[in-house]
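Here is the structure we will look at, set down as structure tokens.
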Amino acid sequence: MPAALIWLIVALGLAGAEVLTGDMFLLMLGGGALAAAGTSALLDWQVWADGAVFLVVSVLLLVLVRPGLRRRLTPAPDTTTGIQALEGKSALVLDRVASHQGQVKVDGDVWTARPLNDGDVYEPGDKVTVMHIDGATAVVWKNV
């Protein structure tokens with residue numbers, strides 16, 4: 001069996017095994033084996049030279065191609081949106097915040113607000129933190 005065919009079988013085997021792992025490591029080794037199959041078929045070098053081509057191409061693919069490929073194929077981390085994104089944000093008190101009244105400005109939007117602790121009162125101009133959103137009301141707490 002010619003060496004080029006053996007390298008081709010190894011390349012296909014590594015690419016097929018990559019389907020099971022999804023780490024892009026075996027795919028890069030498969031690319032090195034494919035390069036070795038090509039040089040073996042075209043140049044009729046000795047087996048050690050084909051092995052050297054496999055090694056060099058595999059390392060280059062692992063170092064240069066794999067990181068970018070993994071970045072493109074890895075899903076972005078979940079970003080919080082909606083009201084969950086407001087929790088922990090700083091807000092400015094616009095209208096006196098007491099038990100059942102008040103307004104704050106969070107990220108440019110005006111929200112109805114109430115204090116986290118029922119006895120607390122926040123005056124206009126105070127900086128507060130949004131602890132959570134309860135319906136359409138921001139529950140806030142003053143930074144001390």
So, in the range 34-91, how many residues would count as being among the β-branched types (Val, Ile, Thr) and touching a strand residue (DSSP E or B) at 6+ places or on another chain (Cβ under 8 Å)? 1
Evaluate the range 74-89: report whether one residue or more is among the charged types (D, E, K, R) and in the same structural domain as THR129 (by the TED database). yes
Being of a type in the set (Ser, Thr, Tyr), open to solvent by less than 50 Å² (accessible area, probe 1.4 Å) and under 28 Å from PRO75 (Cβ atoms): is that true of SER58 here? yes
Give the residue, chosen from LEU34, LEU73, that is surrounded by 13 or more Cβ atoms within 10 Å (Cβ to Cβ), of a type outside the set (Phe, Trp, Tyr), free of Cβ contacts under 8 Å to residues at least 60 places away in the same chain and more than 30 Å from ASP126 (Cβ to Cβ). LEU34
Of all residues in the range 98-144, count the ones that are in a loop (DSSP other than H, G, I, E, B), of a type in the set (A, V, I, L, M, F, W, C) and closer than 20 Å to ILE83 by Cβ. 2
Tally, over the range 94-125, of residues that are within 35 Å of the chain's Cα centre (by Cα) and open to solvent by less than 80 Å² (accessible area, probe 1.4 Å): 7
Going by the structure shown, is GLY22 surrounded by fewer than 17 Cβ atoms within 10 Å (Cβ to Cβ), free of Cβ contacts under 8 Å to residues at least 24 places away in the same chain, in contact with a Gly (Cβ under 9 Å, 6 or more places away or on another chain) and not hydroxyl-bearing (Ser, Thr, Tyr)? no
Are any of the residues in the range 77-84 under 28 Å from ILE133 (Cα atoms), in contact with a Pro (Cβ under 6 Å, 6 or more places away or on another chain), free of Cβ contacts under 8 Å to residues at least 60 places away in the same chain and surrounded by 15 or more Cβ atoms within 10 Å (Cβ to Cβ)? no
Which pairs have Cβ atoms under 9 Å, sit 6 or more apart or on different chains, and link a residue in the range 101-117 that is free of Cβ contacts under 8 Å to residues at least 12 places away in the same chain to one that is of a type in the set (Phe, Trp, Tyr)? GLN103/TRP111
Out of (1) open to solvent by 70 Å² or more (accessible area, probe 1.4 Å); (2) in the same structural domain as LEU14 (by the TED database); (3) touching a residue at least 24 places away in the same chain (Cβ under 8 Å), the one TRP48 does not meet is (3)
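The values are calculated or read from the model by the stated rules, or taken from the named source; none is laboratory data. Please read these numbers as outputs of a predicted model, since none were measured by experiment. Every residue, glycine among them, receives a Cβ derived from its backbone with ideal geometry; neighbour counts consider all protein chains shown. Quick note on the areas: whole protein, heavy atoms, side chains included, nothing else; ligands and nucleic acids left out. Shrake-Rupley method; radii C 1.70, N 1.55, O 1.52, S 1.80 Å.
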